[in-house]
Amino acid sequence: MKQEIIKALSSPKLFAYSLVWLMVLVVVGTVSQRDIGLFASQQRYFSSYIFLFGPIPLPGGRIVLTLMLTNLISMLFKQNLWKMKKIGILVVHLGGVMLLVGAGLTAIFSSEGSMVIEEGSRSNTIDDFHNTELAIINISEQNYDIYTVFGQHLFVRGNNLRHENLNFDITVLEYMDNSTFEPISGQSDIQYRGMLKNISLKEIPIDKDDMKNRPGIIFQVSGSFTDSDGIYGLIFGQSVPATLSINGKQYVMSIQKKKTYLPFAIELLDFKKVMHPGTQVAKSFSSRINLIEDNVPRSVLIEMNKPLRHKGYTFFQASFIEGLDGEATVLAAVHNYGRLFPYISSIIMSIGLLLHLLTKLPSLMKKNKK
Amino acid sequence: MGFNKEYFALFLFAFIICSCDENKHVKSYRLPKTSFNISKNEVPKDIQKSINGISWDLPQNWVPSDGHSMRLASFDVPFSRGIGDLSIVSLGSESGGLTANVNRWRKQIDLGPISESEIKTESIVGQSKSGSFRLFRLINDSSKEKAILAAVLPMEGKTLYIKLTASQQGIIELETIFTQFCSSIDKVQ
């Protein structure tokens, strides 16, 4: 039984069919980018386990890659592979396993976001490009603020968000990937609070460029048994957040891009851009920054093809904002745990192919002599 | 059936792969005190009636939004098919000048620069509570998605630059309310 399962899972046919399906996904995903945008296409075809093609469920990129990884691992359990003359094939398979494990680590744990820093100021926060979160901030303490943050995957209609820090309940009523304001029509008996008293939120179609989408959330606060109980709405980019005052504690509520706080800070000393002569098209831009760790600054220059790598983070010069009184740099920040895997696995697979050639060389030479 | 290490390893691997997703986490942490914009009333119609010695009458459905530090204030301005971005910037009276700023706005919608006399001809003069302002409607026919309504209002020792960016349709819809907003601007005594 065990051998049969290994045989089925390690079948080269399974790998070949998976590879063909992966090619189909690449073609479909690339074509659909035009209509639904890069991020949505990536999520639908490559970052999903299953996607729907009309009413038919089809395997997404994650399930196909997991199947390929299982196939390669199962292959390693085959007894006849563990022989000296097949060492090349074995090493190639190990390289393949490593490549797919690296891809898995990247898919699951990696994050990418942006850091906007104005000249003369510093930041230690990365805002995720895509994921949002609901932050409830207790600002009653004198020396610090207490953040309780709920991730986007919890924003399911009817879901209760609770935490020991909060002496009230939050029930998600509606989450919108892209939303806008809508004037209120007529009076309502519903106990709206905050900005919903004057204006309502409505969902609008998702923009192809995910950065243009403004997530919105409508939720109910209950259980405080004060005037603060009621229905609140938040939209991304709202500079004046909703507030709550419950039992002497004051809270600020905000929907924001998922924030990552770094163990170091970056201070922008100077931003420079060079234009193509006689045009208004930027040729290159660079940021002279101070990397501040343990209060010790270190001067670094980040250029378009010369990112800063520090503590697993890579900061690329992505863009800039030009204001009337100064400039701000936009750094794309990537934290990729699987960054080195493609390099290492490529080397391993190359060594495997070389070993395979060397082990086959004597028999090839014999054939030639005959 | 006895304990099988290979099956267990495979199951564990599949379990780890499928259960990893840090977005599901609820996080809690402490940070040094931050200044939130909560001293102002959160209800839009009452928000930011005045700031830095300048006051205005804010239309009911305009909502303060994130700008950046160079802006005195930013608002989301809804219209029938979208939302416009309004920014108010205060600069010293010497900063940039009318021609440079209007041509910078024109460049943002791919229009070429024009001379100071053309700028003055193309603008409409309006009257606010603290003096007259120049109103510009900048539309590029080949770019329906982005157009600009802007006003330049000289005040004592500074100039206010009020800019509304929206689609062409939005600009047409919002021109009246934008003009009313600019007309309501006053100095706080």
One finds the C-alpha centres of region A:110-145 and region A:292-316 to be spaced, in Å, by 18 Å
Give me, ordered by chain and number, the residues 5 or more places off B:ILE54 or on other chains with an amide H under 5 Å from its own placed amide H. B:VAL188
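List, in the order given, every pair from A:LYS208/B:LYS146; A:LYS257/B:LYS158; A:LYS258/A:LYS306; A:LYS272/B:LYS33; A:LYS212/A:LYS259 whose Cα-Cα distance in the structure shown is over 28 Å. Numbers along the way, then the final one.
On the way: A:LYS208/B:LYS146 17 Å; A:LYS257/B:LYS158 35 Å; A:LYS258/A:LYS306 26 Å; A:LYS272/B:LYS33 32 Å; A:LYS212/A:LYS259 18 Å.
Check vs 28 Å cut-off fails for A:LYS257/B:LYS158; A:LYS272/B:LYS33.
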What do you get for the angle between helix A:61-76 and the principal long axis of chain A? Use alpha-carbon atoms, 0 to 90 degrees, nearest ten. 40 degrees
Taking only the alpha-carbon positions of the protein assembly as shown and ignoring solvent, what does the Debye formula give for the base-10 log of I(q)/I(0) at q = 0.07 Å⁻¹? -0.56
Using a 10 Å cut-off around each Cβ of peptide A:194-205, what is the average number of partner chain Cβ atoms that fall inside? 3
Starting from the 7 Å offset along Cα-to-Cβ, what nm value, one decimal, do you get for the label separation of B:LYS144 and A:SER140? 5.4 nm
Arrange A:ARG44, A:ARG214 by Cβ neighbour counts within 10 Å, fewest through most, would you? A:ARG44, A:ARG214
I need A:LEU94, A:LEU244, A:LEU331 ordered by Cβ neighbour count within 10 Å, fewest first. A:LEU94, A:LEU244, A:LEU331
Any idea how far apart B:GLU156 and B:ILE172 come out in nm if each label point goes 7 Å out from Cα toward Cβ? 4.2 nm
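Taking 0.36 nm per intervening residue step and subtracting the Cα-Cα distance, what contour gain separates A:LYS78 from A:VAL28 on full extension?
Details: separation 50, 0.36 × 50 = 18.00 nm, distance 3.48 nm.
Once the chain is fully extended between A:LYS78 and A:VAL28, it gains 14.5 nm.
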With point charges of +1 on the Cβ of Lys and Arg and -1 on the Cβ of Asp and Glu, referenced to the Cα centre of region A:163-247, which listed residue (A:VAL221, A:PHE236, A:HIS163) lies farthest in the positive direction of the dipole? A:PHE236
Divide by every residue of the protein assembly as shown the summed helix terms, -39500 (n - 2.57) for each DSSP H run of at least 4, and state the resulting mean residue ellipticity at 222 nm, rounded to the nearest 500 deg cm²/dmol. -9000 deg cm²/dmol
Partner chain coverage, peptide A:140-153 - average Cβ within 10 angstrom: 4
Taking Cα atoms, how many degrees apart are the long axis of helix A:87-109 and the longest axis of chain A, rounded to 10 and kept between 0 and 90? 0 degrees
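Since every read-out is calculated from the coordinates, none of them should be taken as a lab result. Quantities reported herein were computed from a predicted structural model and do not represent experimental measurements. Backbone-built Cβ (ideal geometry, glycine too); neighbour counts: all protein chains shown.
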